[in-house]
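Before we start, here is the structure in question, set down as structure tokens.
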Amino acid sequence: MTATPAQPIPPYSGTATVALVELIGISASFTPLELEGLVRTAAEAVYGDDDDLSIRQRELASRAHALMAEEVEDAMAQPPGADGGLPPSGYARMLAVKAELTTQALAVEEEFTALLRALFPRAAYMVLHIEEDDSFTLRRAVTAQGAAVHLFDDPGYPTPEVPEELARAWRHFPQVELDLDQIVGELKEAGVTFGSLPEEARDLEIDDRYGYIPSIGLGTTA
């Protein structure tokens, strides 16, 4: 029995074609380059460090999360049985509310960071302290190299006055002191997570070199 030798495949001489992919759901709201960024963001969020995510990556993730929340809201807004199924359960409604709360909290986090940046222009990080009840409070404002520019538990460092335009935005009145610790606590309760203070910004005389020290990065190089 003899085998017939395989014939070589002639080179393709036609016109090359590109397969078109139809994006569905929230992916249709992003460009291919943005989708690439979201895939990389997901990989870094799961297997990397949150501190390694760029501002652009966080913006893409925030947009995607907001679209997911809108998608849930749209589904909830449909009348019971409109799609032939059952009305949304209380659990589904609770998840929708939670998703909306997280979206709003992320927006407030950006506004709060801008407020802190205005109050402490020389700081690069706000160092938080974990209290005995696991709540977070502001402990000090430091530069990127760890030099303290404000100590919250030291009377010698009075909290700067809130600029007028920010005071209006935060509904702050002169007779009522703006409670920064309360805002931090409310953000934490709403699901906002705080990254760990980079080693180069730590004061190793009082800070653990490798332990988790919650902080708020102000996006400056001060």
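If you place +1 on the Cβ of every Lys and Arg and -1 on the Cβ of every Asp and Glu, how big does the dipole about the Cα centre of segment 90-138 come out, in debye to the nearest 20? Don't skip to the end; give the middle numbers.
Numbers: 4 positive and 8 negative charges, 54 e Å.
Once rounded to the nearest 20, the dipole reads 260 debye.
What is the packing order of peptides 37-47, 113-123, taking the mean over residues of other C-beta atoms within 10 Å and listing the highest first? Could you put the intermediate results ahead of the total?
Details: 37-47: 13.4, 113-123: 17.2.
Order by mean packing, descending: 113-123, 37-47.
What is the distance, in nm, between label points placed 7 Å from the Cα along the Cα-to-Cβ direction at Ile26 and at Glu131?
Here the answer is 3.3 nm between the modelled labels.
Throughout, read-outs are computed from the coordinates displayed, never taken from laboratory work. Here the structure is a predicted model, which is why all the values come from computation and not from measurement. Here the Cβ is made from the backbone with ideal geometry for all residues, glycine too, and neighbour counts use every protein chain on show.
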